[in-house]
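For reference, the structure is listed below as structure tokens.
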Amino acid sequence: MSQPRPLVAGNWKMNGLSASLQEVKTLAGRLKANDTIAAQVMICPPATLLAALSTELEGSKILTGGQDCHAETSGAHTGDIAAEMLADAGAGAVIVGHSERRADHGETSENVRAKAQAAYRAGLTAIICIGETQTQRKRGDALKVVSAQLSGSLPGAATSENTVIAYEPVWAIGTGLTPTLEDVGEVHSHIRAELAGRLGEGEAAGLRILYGGSVKPGNAAELMGVANVDGALVGGASLKADDFWAIVSVYAASHTMG
């Protein structure tokens with residue numbers, strides 16, 4: 001069975017002002033001029049920029065997504081954003097369950113599952129994040145934690161069309177630390193097997209599993225070459241066109257994926 005089309009998604013987190021749109025224009029221009037990139041490319045900016053960015057990128061090769069959504073369609077939830085609002089602003093996807101949401105906002109896997117269901121309701125792809133802390137890895141519990149988060153966060157309606165899984169070891173996010181390639185391969189293979197048990201082998205084979213956690217131009221090629229790694233969820237390196245382009249370029253047609 002052929003591999004799913006890779007996805008390289010940039011999560012800007014709480015970064016970016018209107019001037020930052022120029023970086024994306026530069027990136028869009030490079031993608032337009034280069035037809036050898038096999039991956040889909042996505043930018044998930046802060047909500048303040050989503051509509052403007054989606055308008056700017058209309059007709060380009062770059063997709064846009066949100067960074068979070070509320071489980072409800074509307075209501076008295078000051079400061080929250082419904083999945084339908086993200087779709088209305090031009091998003092095609094939304095990140096849910098990022099470790100920073102789980103840690104900073106106390107989100108549980110049950111919350112994440114509800115948000116993923118909201119994404120489906122609004123016609124968005126849910127990018128569901130899972131990953132262990134350094135303490136959990138040192139205890140040897142990484143696979144157990146990943147399994148529990150995946151089981152709790154993945155809705156029953158998940159398919160390879162409406163869902164992407166992003167494995168982000170919490171201890172590697174923004175620290176410059178990365179797991180060994182063997183560790184990445186072990187976790188991604190484990191996630192694929194877990195998905196096969198939930199969705200069936202055919203559906204699981206087509207569902208993209210991204211790696212995130214200090215993905216940089218210098219390590220992207222080797223990380224993206226690991227079996228069962230179908231792209232990347234990129235943090236800080238997605239803020240600059242040059243850095244993000246270097247990561248996206250891993251998927252030039254000449255690149256052989258693992």
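Grab the other residues whose beta carbon is less than 14 angstrom from that of Gly106, score K and R as +1, D and E as -1, and report the net.
Values: positive: Arg101, Arg102, Lys115; negative: Asp68, Glu100, Asp104, Glu107, Glu110.
So the environment of Gly106 carries a net charge of -2.
Within the P(r) computed for segment 139-206, what percentage of the Cα pairs occupies the region above 21 Å?
27 percent
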Charge dipole (the chain, unit charges on Cβ, about Cα centre) - positive-most of Gly231, Ala103, Ala114: Gly231
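If packing is taken as the average count of other Cβ atoms within 10 Å, what order do 91-98, 173-180 fall into, highest mean first?
Descending packing order for the listed peptides: 91-98, 173-180.
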Estimated dipole of segment 48-194 in Debye, rounded to 20 [Cβ of Lys and Arg +1, of Asp and Glu -1, Cα centre]: 320 debye
Gap separating the Cα centres of segment 1-40 and segment 202-222, nearest whole Å: 15 Å
Solvent-free Debye scattering, log10 I(q)/I(0), computed from the Cα coordinates of segment 1-145 at q = 0.16 Å⁻¹: -0.92
Listed residues Asn162, Asn228, Asn34, most fluctuating in the chain (Gaussian network, C-alpha, under 10 Å): Asn34
Net +/- balance of residues flanking Ala241 in space, Cβ distance below 10 Å, scoring K and R +1, D and E -1: 0
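Please count, across the chain, the pairs of lysine residues with Cα atoms under 15 Å apart that sit 8 or more places apart or on different chains. All intermediate terms of the calculation are to be shown ahead of the outcome.
Values: Lys13/Lys240; Lys25/Lys61; Lys25/Lys240; Lys32/Lys61; Lys216/Lys240.
Here the count comes out as 5.
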Cα-centre dipole for the chain with unit charges at Cβ (Lys and Arg positive, Asp and Glu negative), debye to 20: 200 debye
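Please order Ile247, Ile191, Ile130 by the number of other Cβ within 10 Å, starting at the fewest.
Ile191, Ile247, Ile130
For the chain, what is the mean residue ellipticity at 222 nm derived from helices alone (per DSSP H run of n ≥ 4: -39500 (n - 2.57); sum divided by total residues; nearest 500 deg cm²/dmol)?
Computed mean residue ellipticity for the chain: -11500 deg cm²/dmol.
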Normalised alpha carbon radius of gyration of the chain [divisor 2.2 N^0.38 Å]: 0.93
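Throughout, read-outs are computed from the coordinates displayed, never taken from laboratory work. As the structure is a computational prediction, the values presented were derived from the model and not from experiment. Note that we place each Cβ from the backbone using ideal geometry, even for glycine, and neighbour counts take in every protein chain shown.
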